Amino acid sequence: TQQKLCWKIAALQKEMPNEWISLKYLAQDMYPDKEYSAVRSTLSQFIAQLEELGFVRRKRKGRQAYICSTSKNPCDKKVKVAIRAKVAKKK
């Protein structure tokens, strides 16, 4: 699940560079069939572990929590390579 989260965060960060991703948005993307309140604590625990490893940064603004991928995220580099490969295939 942590690896899946790393991939998802890296992909979302590529779609929205220089923007913080809300945990609510991430939860809806990862678990579309579940309520945010049902997965919030589990998702928060996984994010805390990724934060300890230095793969993501977290900040709070009011009652909402936001995250962003760091350069230490190993999936970040792989997403860049995958995107380049897709672009090369289209050409």
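Each value in this text was obtained by applying a stated rule to the coordinates, not by laboratory testing. The structure displayed is predicted, hence computed values, not measured ones.
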- For V56, enumerate residues with amide H under 5 Å from its amide H, sequence gap 5+ or separate chain, H modeled in the peptide plane. E51, T70
- Message: Report, in listed order, any pair from K8/K61; K8/K59; K14/K61; K24/K72; K4/K34; K4/K72 with a Cα-Cα distance greater than 20 Å.
- Response: K8/K61; K14/K61; K24/K72
- Shape metrics for the stretch 1-43, restricted to C-alpha atoms - Rg then Dmax, Å: 10.4, 29
